[in-house]
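The values are calculated or read from the model by the stated rules, or taken from the named source; none is laboratory data. Just so we're clear, the structure is a prediction, and the values are computed from it rather than from any experiment. Note: ideal-geometry Cβ built from the backbone for every residue, glycine included; neighbour counts use all protein chains shown. Just so you know, the surface numbers come from the protein's heavy atoms only, side chains and all, with ligands and any DNA or RNA stripped out. Shrake-Rupley method; radii C 1.70, N 1.55, O 1.52, S 1.80 Å.
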Amino acid sequence: MFATLKEKWIQYITAVFAVCVVLFAAFVTYPKFLRLKELKARNDDLSLQVEEKKREIAVLKDYQQRFRSDPDFVEKIARQNGRVFPGELVFMFSKD
């Protein structure tokens, strides 16, 4: 009977130790899991921002190419900015 009690005591201590190890592991890893989740969300946000910037760069490169090769485009942009050809008479009206 004493051997049985000793074996049960060892099993009980082993079970408590195993539960403590599992709880400690969960306690240690849960904050890291939350941080990983936050970092993944931040990574997704940054990836979206990178894609947006890539689209902006593509538009700017298109403008740059059009400035080199399309004189009508250059004239249109210049006129939007109030530029005129030398000697050209321009009337500008403002909305009041």
Hey, does the range 62-74 have a residue that's surrounded by 10 or more Cβ atoms within 10 Å (Cβ to Cβ), at pLDDT below 90, part of a helix (DSSP H, G or I) and under 29 Å from the mean Cα position of the chain (by Cα)?
-> yes
Restricting attention to the range 75-96, and to residues there that are of a type in the set (Val, Ile, Thr) and more than 42 Å from the chain's Cα centre (by Cα), which single residue is nearest to TYR63 (Cα to Cα)?
-> VAL84
Within the range 39-56, the count of residues that are open to solvent by less than 90 Å² (accessible area, probe 1.4 Å) and within 28 Å of ALA78 (Cβ to Cβ) comes to 1
Residue count, the range 76-96, condition among the acidic types (Asp, Glu) and either open to solvent by 90 Å² or more (accessible area, probe 1.4 Å) or touching a Phe, Trp or Tyr at 6+ places or on another chain (Cβ under 9 Å) (or both), comes to 1
